[in-house]
Amino acid sequence: MTQGDLLRRLFRSHALRDDEQFRLAAEAIVSEERAKNHRLLADDLERLLVGNGSRLGQLPWCGVDLPKDGERGLPLVDLSEHDDGWDRLVVQSQVRDRLTGVVQEHRRADVLRASGLRPRQRLLFYGPPGCGKTVAARVVSGLLAYPLVTVRFDAIVSSFLGETAANLRKVFDFISRGQWVVLFDEFDAIGKDRDNPLEHGELKRLVNTLLQLMDSFQGESLLIAATNHEGLLDQAVWRRFDEVVEFSPPKQQDRALMLRLFLRGFDSSAVDTLSVARKTDRATGADLERIALAAARGAVLDGRHAVLPIDLQPALDEFRIRRRLIGQLMSDASADTASTEV
Ligand SMILES: Nc1ncnc2c1ncn2[C@@H]1O[C@H](COP(=O)(O)OP(=O)(O)OP(=O)(O)O)[C@@H](O)[C@H]1O
Ligand SMILES: [Mg+2]
């Protein structure tokens, strides 16, 4: 369809107050812009479209009754709003495509439901620390315009027998009453291998409770569990997820993109990001953010808005030292293990 036809369809549906036709026409325009490689415009239009029906900014925060731990009265979840889009996350295209697919299913959940289907609802994010799992959950929350509920395992796990499982139930009770992106961050703190003989019986019961609650969850929310100890999760937990997404340290090209992203509030045109990317092999997103922000601080304290290559040098040196130290610690640890195994 030509752009003119699409615009006519959009205006006509607006005049007729036909929301469904309006949405279809608007989505077709977004797809056209994306096909033309106008990614930023397409992302923006998409966000505005979803923002239309959004509840963001309208939540009566004070009125929302958060579930609390019975014993200590601590809130079991944190609530937050996000308006991040894809431009805030640098990931491999397969990861982005899979997340886009899930987001689309939730946006069109009514269409799926009309055919007796449901959007995919349980995602597992895994990968080393600092590779974007939490940011990705925020981006998904922003794209769907669903507020983010972060489950606080520190508050859920209680020393009182039975209280921890009761806390988990309260959390599921709460999330089933709304439309949220729910992040079970550091999920493995609770989802440890059920057959691990070192784990206390209470923990085993708890994992069972969690699995049952996830299985029977009927709400409209999107559940995301994140871990960097995927080896600790038991097969029964893995099977419960509709999508398992790996977040790995960025490749060179992505490291360069990240540096630009983290320096976006500054003039970084003098920085050859590809050359910095070459020097930061195995850096995570969190490492690159630390390097970029250290450089930005240096520039600001020097009274400049422009970040220069020289501003990056101290942070790059520190990164190299830190990487060498970590490498040393890891090889010491594996030597220790080998000697105890002998
Ligand atoms: N892929 C990425 N895209 C954009 N920013 C990233 C990415 N990876 C890391 N970052 C940056 O690094 C910081 C840490 O990222 P994040 O908290 O998402 O890591 P994580 O994978 O959740 O780590 P952990 O396993 O320790 O919870 C964030 O502030 C973010 O800005
Ligand atoms: Mg995280």
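None of the figures in this text is laboratory data; all of them are computed from the coordinates on show. Small disclaimer: the values here were computed from a predicted structure and weren't measured. Because the Cβ atoms are built from the backbone with ideal geometry, glycine has one as well, and the counts that use them run over all protein chains shown.
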Worksheet item: Among 175, 326, which comes first, second and so on when ranked by fewest other beta-carbon atoms within 10 Å?
Response: 326, 175
Discussion item. Under a Cβ-only charge scheme (Lys and Arg +1, Asp and Glu -1), can you give me the dipole magnitude of the chain about the Cα centre, in debye to the nearest 20?
Written reply: 700 debye
Practice prompt. Please name whichever of 288, 276, 28 sits farthest to the positive end of the charge dipole of the chain, dipole taken about the Cα centre and charges placed at Cβ: Lys and Arg +1, Asp and Glu -1.
Written response: 28
Worksheet item: What FRET efficiency comes out for the pair residue 331/residue 27, r = Cβ-Cβ distance, R0 = 45 Å, nearest 0.05?
Response: 0.30
Worksheet item: Okay, helix-only estimate at 222 nm for the chain: each DSSP H run of n ≥ 4 adds -39500 (n - 2.57), divide by all residues, round to 500 deg cm²/dmol; what do you get?
Response: -16500 deg cm²/dmol
Worksheet, complete the sentence: When the charge dipole of the chain is computed with +1 on Lys and Arg Cβ and -1 on Asp and Glu Cβ about the Cα centre, the Cα farthest towards its positive end, among 301, 266, 312, belongs to 266
Worksheet item: Calculated FRET efficiency, residue 230 and residue 19, Cβ-Cβ r, R0 45 Å, to nearest 0.05?
Response: 0.60
Worksheet item: Sorting 133, 170, 68, 251 on the 10 Å Cβ count, fewest up front, what's the list?
Response: 251, 68, 170, 133
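What fraction of the DSSP beta bridges in the chain is antiparallel, stated in percent and rounded to the nearest 5?
Percent antiparallel among DSSP bridges in the chain is about 25.
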